[in-house]
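Enquirer: My structure is below; once you've seen it, I'll send some questions.
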Amino acid sequence: MYERILAALAVFGQYLALFPFVVTAEGVAFGEYHWWHYFAMYAALAVFYACGRLLSCWASGGGFSRSVKPFVMFLSRIGVIVPAAAFCFIGAFAGFHTGLYLYFLPACVTAYFAGYLSVGKDYSEIFTRGWFAVFFVASVLAAILISFTHDDHIISAGMTQLCVSFGVMMITAAVLTNQTNIDTQTRQRAGGQAVLPKGVRSYNALLIAGAGALVVGLCLFAKPVAEGIMALLKLLIGWIASLLHDNDEISVSEGGMDENTADQVDYFQNSNAFAQLLIYALVIGLVVLAVKFRRQIWQFIKEIFAPLFRVKAQEQSPPFIDEFSASTDIRLSSRENSRNERELLKRYRRETDPVLKYREGYELFLMRLGRSAFPQLPTDTTTAHRCKGGMAFSARIPESVLDDMVKQYDRVRYGGEIPGSQALERLDSLLDSIK
């Protein structure tokens, strides 16, 4: 159940990433903000998203032959022309503002490919870091374009919408990232079986959402909250000053302290000797504490600003290495580090030896498995690879196809069998399905 909720949240994140396009179309193209325009624009985005998803399902699940499938895939990818042409035709017939074609149509094209690429993927693959980058770049461009209107109302309302959407985007990304980390760690360490106590997922999600909602609320109500805090500080300062001056009169106007009250109060020249001694002791104590805990303070400051100057190295799981092919093929003997998938794919396509070709295809399978929520471990056997592959790619390929591929690899590697053309074609089809 939670996977469906997270998948819906991931799709919501994709739609939210397109929100700056909508704000730009409203503020720049129309010159004002109408609430019903937002529903109409998001309905158009949903149509493009559905078209992309339907064509992707048709291309991948239509049962086309190997010779026809590349042409079908090409048609499905350029199929965005059809809804885009329909949008332009309806816009010209209804007299839409020309700014919609410039500011909103790119969002529709993006929505089409979002639906196209979401078929057969879980929530961690639907909403990736690329969507956050799209949102950030679109927000910056939207802010620049809105500022060119030189209309205070449009600029203020547009900036408020962008800031609030940024806060919601941060909450969405944090929840999805947290859940993805939970899935990756528990599945990798428990053989694919989640062992979390009941309620941990919902607790983490609610904790992040609650903290994020508090931040967004503070952004929305920053001005009244700041005014209230200032009023409380004025009352507190007036009360402390009255205590320190020991019945000296300090004139405070009704509703707050007078602007020149600070000039009237000299905290280091006071008729009250006890208050003056207390102030000096407080200053000396602060200096002593700063000297005593200087290392901890400096370490704390470095920890705060370290992410700005240090790039954290991303840990990558080591790829599967076929010992036989690495030791007998000269072209593969230089693999001391992780081999790039693109280079391996080129070598796989050029390979003429069926044994080496099958082994390189199996390594491609494991590299793509490493990008999923069930990455392989160096100690995994081919049986573990089959189980993890079934859990990672169950929505894309039948389990029987994966089982046949792994068994064929065992016969090739350990039994000395030479794979035939049909086995290689089945391997090609499997690798195309798990791109």
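The values are calculated or read from the model by the stated rules, or taken from the named source; none is laboratory data. Treat the numbers as computed from the prediction; the structure is a model and nothing was measured. Here the Cβ is made from the backbone with ideal geometry for all residues, glycine too, and neighbour counts use every protein chain on show. Only protein heavy atoms, including side chains, enter the accessible area calculation; ligands, DNA and RNA are left aside. Shrake-Rupley method; radii C 1.70, N 1.55, O 1.52, S 1.80 Å.
Enquirer: Only residues that are under 21 Å from ARG66 (Cβ atoms) and either in contact (Cβ under 8 Å) with a residue 24 or more places away in the chain or over 30 Å from the mean Cα position of the chain (by Cα) (or both): list them for region 383-408, please.
Expert: If the condition is that a residue be under 21 Å from ARG66 (Cβ atoms) and either in contact (Cβ under 8 Å) with a residue 24 or more places away in the chain or over 30 Å from the mean Cα position of the chain (by Cα) (or both), then PHE393, ARG396, ILE397, SER400, VAL401, LEU402, ASP404, MET405, GLN408 are the ones that fit.
Enquirer: Restricting to region 131-161, and then to whatever is open to solvent by less than 40 Å² (accessible area, probe 1.4 Å) and closer than 30 Å to MET73 by Cα, can you tell me which residue is farthest from the chain's Cα centre (by Cα)?
Expert: ALA138
Enquirer: Within the group ILE126, ILE171, which residue is at pLDDT below 85 and either open to solvent by 30 Å² or more (accessible area, probe 1.4 Å) or among the aliphatic types (A, V, I, L, M) (or both)?
Expert: ILE171
Enquirer: Please go through region 114-123 and give me each residue that is surrounded by fewer than 22 Cβ atoms within 10 Å (Cβ to Cβ) and over 17 Å from the mean Cα position of the chain (by Cα), ordered by number.
Expert: Listed by number, the residues that qualify are VAL119, GLY120.
Enquirer: Could you list, in sequence order, all residues of region 29-46 that are of a type outside the set (A, V, I, L, M, F, W, C), open to solvent by less than 60 Å² (accessible area, probe 1.4 Å) and in contact (Cβ under 8 Å) with a residue 40 or more places away in the chain?
Expert: GLY31, TYR33
Results for (1) under 28 Å from GLY167 (Cα atoms); (2) in contact (Cβ under 8 Å) with a residue 24 or more places away in the chain, shown as yes or no for each residue.
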| residue | (1), (2) |
| --- | --- |
| ARG4 | yes, no |
| PHE12 | yes, yes |
| VAL22 | yes, yes |
| ALA25 | yes, yes |
| CYS51 | no, yes |
| SER56 | no, yes |
| PRO83 | no, yes |
| ILE90 | no, no |
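Enquirer: Can I ask one more? Tally time: how many residues in region 47-60 are open to solvent by less than 40 Å² (accessible area, probe 1.4 Å) and either hydrophobic (A, V, I, L, M, F, W, C) or more than 29 Å from ARG426 (Cβ to Cβ) (or both)?
Expert: Summing the residues that are open to solvent by less than 40 Å² (accessible area, probe 1.4 Å) and either hydrophobic (A, V, I, L, M, F, W, C) or more than 29 Å from ARG426 (Cβ to Cβ) (or both) in region 47-60 gives 3.
Enquirer: Residues being over 11 Å from TRP131 (Cα atoms), among the small types (Gly, Ala, Ser) and touching a helix residue (DSSP H, G or I) at 6+ places or on another chain (Cβ under 7 Å): count how many of those fall in region 5-30.
Expert: 4
Enquirer: Does ARG359 satisfy the condition of being surrounded by 13 or more Cβ atoms within 10 Å (Cβ to Cβ), modelled with pLDDT of 70 or more, out of contact with any strand residue (DSSP E or B) (no Cβ under 9 Å at 6 or more places or on another chain) and of a type in the set (Lys, Arg)?
Expert: In short, yes.
Enquirer: So, in region 61-103, of the ones that are of a type in the set (Phe, Trp, Tyr) and in contact with a helix residue (DSSP H, G or I) (Cβ under 6 Å, 6 or more places away or on another chain), which residue ends up most open to solvent (accessible area, probe 1.4 Å)?
Expert: PHE64
Enquirer: State which residue pairs qualify: first residue touching a residue at least 40 places away in the same chain (Cβ under 8 Å) and inside region 137-154, second residue aromatic (Phe, Trp, Tyr) and in a helix (DSSP H, G or I) in any location, beta carbons under 7 Å apart, and separation of 6 or more residues or different chains.
Expert: ALA138/PHE21; SER139/PHE166
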